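For reference, the structure is listed below as structure tokens.
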């Protein structure tokens, strides 16, 4: 299982699934499958997506579940 | 066979539930329609009911043939993305197993019924004329075209729209 924060980054940038799909050359449905965790991307697609959001690939994908955003913010403040 | 329209070059996006209903109509109505025509004898009503069921099944196939899910099973690899290719390959493998099983059972049935009839033991129905064979081949062609899509439709959860 590969976890990702695709929906968080997508919402932050105000992009639609179609926008992302066109940028990385896949079907918009594939972005939906990725966001739901129903599909693990190839290395190529993971790298394309991380390049699109200008983040390291491990910030976008992980083998362990990501901590909720609220927890991360609370940890930063304390 | 994928029917591409100008309005939907990537296939008509149908809900997974709709595709499942169309597949059930196709797989239930076609054989039922053929059997009704077979047993109709002199009954015009039964014959017409059989024809109506086959027409309904073919109409369901016509809608399925233009759907985005069917496109995924029929499109050249270069026009699919990595997820679609992976799903299609898995579905084709499963569909091949099911199709081979159905054909093997059919051949075994015909072999046994022909053998039993030749020995005068039991005379079960088996295809004897061109109409029977046409109906069987028509069904097998429809099945081979739609089975990978059926594996996809019944095997995955629908994705909500953006």
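Can you find a residue in region B:95-103 that is over 16 Å from the mean Cα position of the chain (by Cα), farther than 30 Å from residue A:49 by Cα, away from chain A (no Cβ under 14 Å) and at pLDDT 90 or above? Among the residues of region B:95-103, not one is over 16 Å from the mean Cα position of the chain (by Cα), farther than 30 Å from residue A:49 by Cα, away from chain A (no Cβ under 14 Å) and at pLDDT 90 or above, which makes the answer no. Just to be sure, is residue A:52 more than 10 Å from chain B (Cβ to nearest Cβ) and surrounded by fewer than 19 Cβ atoms within 10 Å (Cβ to Cβ)? When the stated conditions are applied, residue A:52 passes them.
Evaluate region B:16-33: report whether one residue or more is within 14 Å of another protein chain (Cβ to nearest Cβ), more than 13 Å from the chain's Cα centre (by Cα), surrounded by fewer than 18 Cβ atoms within 10 Å (Cβ to Cβ) and under 20 Å from residue A:38 (Cβ atoms). Checked against the condition, which is being within 14 Å of another protein chain (Cβ to nearest Cβ), more than 13 Å from the chain's Cα centre (by Cα), surrounded by fewer than 18 Cβ atoms within 10 Å (Cβ to Cβ) and under 20 Å from residue A:38 (Cβ atoms), region B:16-33 yields at least one hit. Does at least one position in region A:30-44 carry a residue that is on the phi > 0 side of the Ramachandran plot and within 13 Å of the chain's Cα centre (by Cα)? The answer is yes; a qualifying residue exists.
Quick check: is even one residue across region B:20-31 touching a residue at least 12 places away in the same chain (Cβ under 8 Å) and touching a strand residue (DSSP E or B) at 6+ places or on another chain (Cβ under 9 Å)? Yes, there is a match, as at least one residue in region B:20-31 is touching a residue at least 12 places away in the same chain (Cβ under 8 Å) and touching a strand residue (DSSP E or B) at 6+ places or on another chain (Cβ under 9 Å).
Reported count of residues in region B:59-70, each being in contact (Cβ under 8 Å) with a residue 12 or more places away in the chain and out of contact with any strand residue (DSSP E or B) (no Cβ under 7 Å at 6 or more places or on another chain), is 8.
The values are calculated or read from the model by the stated rules, or taken from the named source; none is laboratory data. Bear in mind that the values here come from a model prediction, so they are computed numbers and not experimental data. Backbone-built Cβ (ideal geometry, glycine too); neighbour counts: all protein chains shown.
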